[in-house]
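Everything below concerns the one structure shown next.
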Amino acid sequence: MKKLFLALMMLAPMAAFAQKFGHINSQEVMQAMPEATQMRTEMEALQKQYEADEKAMIDEYQKKVEAYQKDEATMPDNMKQRKIQEIQEMEQKITQARQDNAQALQKAYADKLTPIQNKVMEAIKSVGNAGGYVYIMETNSIPFINTTLSTDVTAQVKAKLGIK
């Protein structure tokens with residue numbers, strides 16, 4: 001009886017090693033998702049819109065500077081000061097628009113990315129629960145994963161999401 005108990009106690013640590021571990025490349029999964037492709041298209045369009053708006057502002061600014069330089073010699077001092085102030089205000093407006101656009105672009109990216117990330121996380125959890133995995137680790141965020149002791153579940157998560 002003691003020998004049986006001793007044998008069971010020696011095998012108990014080995015049972016812990018029978019746990020399943022998985023790894024995934026979630027970037028690969030996300031890049032294959034149609035939602036991510038749509039997000040990239042929408043973000044590119046938004047960025048082009050912001051760039052076009054900025055270009056229009058810069059073109060207007062350059063026209064004001066050229067008009068000022070052309071007429072500067074014949075302008076009265078009070079008119080020169082007013083034109084200089086207008087040009088400086090336009091410079092500030094352009095700088096502020098660049099900052100606002102960058103922030104808006106960042107916010108739009110985060111707003112569009114979050115649901116995609118949540119969908120991937122739910123698929124990972126589903127695959128993990130269905131497969132009996134103890135852990136599923138991100139391949140790109142861990143310095144080393146022994147792929148012979150861990151299962152790559154990337155394809156399973158893609159299948160769960162209905163992508164190839």
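The values are calculated or read from the model by the stated rules, or taken from the named source; none is laboratory data. The structure displayed is predicted, hence computed values, not measured ones. Note that we place each Cβ from the backbone using ideal geometry, even for glycine, and neighbour counts take in every protein chain shown. These area figures cover heavy atoms from the full protein model, side chains too; ligands, DNA and RNA do not enter into them. Shrake-Rupley method; radii C 1.70, N 1.55, O 1.52, S 1.80 Å.
So here's what we get for this one:
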item	result
Solvent-accessible surface (1.4 angstrom probe) belonging to Glu72, in square angstrom, nearest 10	70
The chain, accessible surface, carbon-and-sulfur percent (1.4 angstrom probe)	57
Against the rule of thumb 2.2 N^0.38 Å, how large the Cα Rg of the chain comes out	1.96
Local electrostatic count, Met33, Cβ distance below 13 Å [Lys/Arg +1, Asp/Glu -1]	+3
Whole-number accessible area per residue in Å² for the chain, which is evaluated in the context of all protein chains at 1.4 Å	73
Radius 14 Å from Cβ of Tyr68, net charge of other residues (Lys, Arg +1; Asp, Glu -1)	-2
Cα→Cβ-extended label distance, 7 Å offset, between Asp111 and Met137, nm	3.7
